[in-house]
Amino acid sequence: MPLRDVKLPGFITRNLRLKALATGIALVTWVGVVYASNPPESRTVAVHVPQDPASLPGKYLLASPIPDVQVRVSGTRDHVAGFDPNSLRVGVSYRAITTTGVQQLPLHVVNNDSNVSLDQVPGSVTADVDVRDSVNVPVTIVIDATPPTGYVAPVPQQTVTPATVAVVGPQRELSGLTAQVHVNLANQKTNLEGDYRAVLYDRFGRKVNNLEVPNPNVTVSITVSSVTTSRSSAVVPRVAGALPAGRYLAAISSTPLTVVLDGPQDLLNGLDSIATLAIPLQGLTAGDHLLQVKLAPPAGVTAVPDTVTVTLSVAALPTPTPAPTPTPSPTPSPTPSPTPTPTP
């Protein structure tokens, strides 16, 4: 039956214009309500640009990283808020590189999120291209803190193996480089040997982190030796044991009174005096005794002369004088009583 011959029920055709108008008003109202609760929005997101060195042709590389690109996404508020930048696939036509310098490379961005659309998508990125090269940079030992007082680390006795490290990167950035190994000797009193990591610095003394050092480790050997000096110190005779009963040590002295000590400065700093070997006192008689006695400096220190003459004066204790016997007092005679006179 032809469609024009189909007759609709009366309740549908009755007031058809009015019903169509009401439906239109309802639809507009519904759309307004929906957009009022979830209106359209847009925001700008930063998207990382892939920069795999293997993607660049031949000997070329990026002299500096390509910054993130800014892409604007549009959609409803909920969809824009929930948008994940990882859903974008970004590609750069690195095969278009044929020379060095700053240049524009084609950029492709694919959106895998159908709920949003992309606006203001850049068609290219700026890349600074250079040639990949390598140089050998000498390694320098830098002493951040010197050895303790009394010790030195002479520069001729400082070595590093290997003497250079290979550095790989953009050709224009490989000039004026230095490789340094920093060593702290503040508490080092013996020779030092160990593995250290060489750090790169540019000609202005700034640390360089964007260049490749395939083998940065080196072995550092430093000879640390004590500073030898001399000083004058007083001789202090030392005795041991006890004298026989009835004797005492009246005086003790040495000749010379001082000697010259030679040795490391840190040891000599505290040696205001130097003792002799212990002199035994057992069996010494009263009188003066002249003895040749060796000095006893600490290990690493020598004395000139190393032997002194010690004079010991031994005296006898005086014999105590007995106390005098007191004279007895005379006993007084009794006084006779007077004789009474007879009465006539």
For this session: Run down the aspartates and glutamates and flag those whose C-alpha is under 15 Å from the C-alpha of residue 207, throwing out any fewer than 8 positions away in its chain.
Result: 173
Problem set entry | Cα centroid separation, segment 172-190 to segment 62-88 (Å) | 43 Å
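Quote to one decimal, in nm, the extra length available between residue 72 and residue 245 on full extension: 0.36 nm per residue of separation minus the C-alpha distance between them.
Numbers: separation 173, 0.36 × 173 = 62.28 nm, distance 11.03 nm.
So the chain would gain 51.3 nm between residue 72 and residue 245.
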Seminar exercise, completed: SASA check, residue 201, accessible area w/ 1.4 Å probe, all protein chains in place, rounded to nearest 10 Å², comes out at 40 Å²
For this session: Could you check the simple spin-label distance between residue 277 and residue 136, using points 7 Å along Cα→Cβ, in nm with one decimal?
Result: 6.0 nm
For this session: If a/c stays under 1.5 just call it rounded; otherwise compare a/b with b/c (prolate if a/b is bigger, oblate if not). Do that for segment 89-184, with a ≥ b ≥ c from the square roots of the Cα gyration tensor eigenvalues.
Result: prolate
Exercise. If you place +1 on the Cβ of every Lys and Arg, -1 on the Cβ of every Asp and Glu, and leave all else neutral, what size is the dipole of segment 69-123 about its Cα centre, to the nearest 20 Debye?
Worked result: 180 debye
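Counting only protein heavy atoms and a 1.4 Å probe, tell me what percentage of segment 25-164's accessible area is made up of carbon and sulfur. Let's see the in-between values first.
Numbers: 4490 of 8060 Å².
Accessible surface attributable to carbon and sulfur in segment 25-164 totals 56 percent.
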For this session: Calculate how large, on average over all directions, the projected area of the Cα convex hull of segment 155-278 is; give the answer in nm² to one decimal.
Result: 12.6 nm²
Exercise. Probe 1.4 Å, all protein chains in place: accessible area of residue 79 in Å², nearest 10?
Worked result: 80 Å²
For this session: Could you calculate, for segment 135-189, the ratio of the Cα radius of gyration to the Kirkwood radius, expressed as Rg to Rh?
Result: 1.12
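The values are calculated or read from the model by the stated rules, or taken from the named source; none is laboratory data. The structure presented is a predicted model; accordingly, all values stated were derived computationally and were not measured. Neighbour counts are summed over all protein chains in view; Cβ atoms, including those assigned to glycine, are modelled from backbone coordinates with ideal geometry. Side chains included, ligands, DNA and RNA excluded: accessible areas come from the protein's heavy atoms. Shrake-Rupley method; radii C 1.70, N 1.55, O 1.52, S 1.80 Å.
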